[in-house]
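The structure appears right after this line, and notes come after that.
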Amino acid sequence: METVTVSLGDRSYPIYIGAEVLPEVGGLSRSFSLSGRGVLITNPVVGPLYSQRVLSSFEQTGIALTPLEVPDGEEFKSLQAAAALYDRILPLGLDRRSPIVALGGGVIGDLAGFVAATFMRGLPLIQIPTSLLAQVDSSVGGKVGVNLPQAKNMVGAFYQPCLVLSDVRCLRTLPPREFRAGLAEIVKYGVIADKAFFEWLEANAAAILSGDQGAVIHSVETSCRIKAAVVERDERDEGMRAVLNFGHTVGHALEAATGYSELSHGEAIAIGMVVAARISCQMGLCSEEVPFRLERLLQQIGLPTGLPVDPENIVNAMGYDKKLRDNMNYFVLTKDLGAVTVAPILDPLQALQSLR
Ligand code: NAD
Ligand code: GLY
């Protein structure tokens, strides 16, 4: 089992990554002096596949978890779903050391994390991410929250887990499109911080796609290391953590402009990353090689890279972006593979139109 540590003083925590490691989660939680009762939050897709192994593991360490299911889907990452969970948790008589265990993709992780951050003003949170995106991104770094009908991730907190456990065996049941969404984020880490990792991905994309366990573990571990290093420097997203949003300015706008149904998050981010790299190139920040190699790798993975809607629609949808400061859109731009910078784009429409 590999371990990555997120070093945040007294809020530091380990991320354990391995294959067939779910049964170890109870033992790994021993050092947190948890109470004998807690809650497991999951959904009807993931629960039947993996809950039992997690429940038994905690049971063996003397912790009885009550399993609670939330329906599957982004629409249940809501204040209503959180309120329904508070109602079901209240009669269980938990105390301040009762763990909330999140078992699922990013939706469950963000929602259960929000409940853990707020119920009784904070209970210990254990993240067991089961999608590739959750293993390399959402379970790490402490952003928890819910959506409002008007905008995603608008209500939330920074609330670090006490432990993250990623079992790559869970990825075998993940739909291929969801697997590719996680790969888009993995490619992002190479571009923003680690050229050698990007090159490793170019050489090993086929192995990862075929489910090679060693390759998947290495890619999850390296991604977590890169995200941990960013979070350690800017936990509360006041500066350089913005680099994690490479590809997301256009990606989020694309998801909105296509009604959140045509493109998956990973597909939108893939297109957004290529657009950002091409704009960087046009601005003279990097060579043609950067967008070329990025596009080639994403295509190898099976992700789209071309703009499916007009630039006007994208720019109109950029309004709610959290990177909108002083009424200007900030883009994460590439200087090289492995090096990025954050800068405002004064005329995003012109920048996008110039790519056509
Ligand atoms: P998701 O949680 O909806 O999972 C995708 C689908 O895969 C769901 O149907 C889920 O039930 C299913 N699934 C998960 N694991 C499975 C498995 N092992 N086998 C079979 N099916 C499985 O989506 P996601 O892509 O994991 O996460 C997206 C969410 O994460 C969004 O809400 C996004 O805002 C959030 N997010 C948060 C952060 C953060 O820092 N907190 C970062 C990135 C994304
Ligand atoms: N996913 C972006 C962040 O964690 O900051």
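Beta bridges assigned by DSSP with both partners in the chain are antiparallel in approximately 50 percent of cases. Quick one: net charge of LYS188's neighbours, Cβ under 12 Å, K/R +1, D/E -1? Result for the neighbourhood of LYS188: -2.
Of the trypsin sites (Lys or Arg not before Pro) in segment 43-130, the ones in a loop by DSSP (not H, G, I, E or B) with at most 12 other beta carbons within 10 Å are ARG96. Ranked by the mean number of other Cβ atoms within 10 Å per residue, highest first, peptides 298-311, 215-228, 243-256 order as 243-256, 215-228, 298-311. Within the shell of other residues whose beta carbon sits under 10 angstrom from the beta carbon of TYR50, the net charge comes to +1, with Lys and Arg scored +1 and Asp and Glu -1. A simple packing score, the average count of other Cβ atoms within 10 Å per residue, orders the peptides 157-169, 102-114, 333-345 as 102-114, 157-169, 333-345, with the highest score first.
Every pair of different Cα atoms in the chain enters the Kirkwood calculation, which places the hydrodynamic radius at 20.6 Å. Ligands, DNA and RNA left out, the accessible area of the chain computed with a 1.4 Å probe is 50% carbon and sulfur.
Annotation: for a label point projected 7 angstrom from Cα along Cα→Cβ of THR61, residues of segment 96-112 with backbone N closer than 20 Å are 96-104, 109, 112. Close amide H partners of PHE331, meaning residues 5 or more places away or on another chain with modelled amide H under 5 Å apart, are ALA343, ILE345. Computed on the chain, with alpha-carbon pairs under 8 angstrom and 6+ residues apart, the relative contact order is 15 percent. Label segment 1-110 by shape, choosing from rounded, prolate and oblate, from the square roots a ≥ b ≥ c of the eigenvalues of the Cα gyration tensor; if a/c is under 1.5 it is rounded, and otherwise prolate applies when a/b is larger than b/c, oblate when it is not. It comes out rounded by the Cα gyration axes.
Under a 5 Å amide H cut-off, with hydrogens placed 1.01 Å from N, ALA151 pairs with nothing among residues at least 5 apart or on other chains.
Would you work out if segment 252-356 is rounded, prolate or oblate? Take a ≥ b ≥ c from the square roots of the eigenvalues of the alpha-carbon gyration tensor; rounded if a/c is under 1.5, else prolate when a/b is larger than b/c, oblate otherwise. Since a/c reaches 1.5 but b/c is at least a/b, the shape of segment 252-356 is classed as oblate.
Expressed as a fraction of 2.2 N^0.38 Å, the C-alpha radius of gyration for segment 164-259 is 1.15. For segment 174-188, putting each phi into the Karplus relation 6.51 cos²θ - 1.76 cosθ + 1.60 with θ = phi - 60° gives couplings of 6, x, x, 5, 5, 4, 5, 4, x, 5, 4, 5, 5, 4, 3 Hz, in residue order, rounded to whole numbers and with x for Gly and Pro.
For ALA117, neighbours were defined as the other residues whose beta-carbon sits under 15 Å from its Cβ, and their charges (Lys and Arg +1, Asp and Glu -1) total +4. Surface analysis of segment 199-319 yields an accessible area of 40 Å² per residue, using protein heavy atoms and a 1.4 Å probe.
Heavy atoms of the protein chains alone define the surface here; on that basis segment 1-131 has 42 Å² accessible area per residue at 1.4 Å probe size. Here the gap between THR118 and LEU355, fully extended at 0.36 nm per residue and compared with their Cα-Cα distance, gives a gain of 80.8 nm.
The values are calculated or read from the model by the stated rules, or taken from the named source; none is laboratory data. This one's a predicted model, so the numbers in the text were calculated from it and none came from an experiment. Backbone-built Cβ (ideal geometry, glycine too); neighbour counts: all protein chains shown. These accessible areas exclude ligands, DNA and RNA; they are computed on the full protein's heavy atoms, side chains included. Shrake-Rupley method; radii C 1.70, N 1.55, O 1.52, S 1.80 Å.
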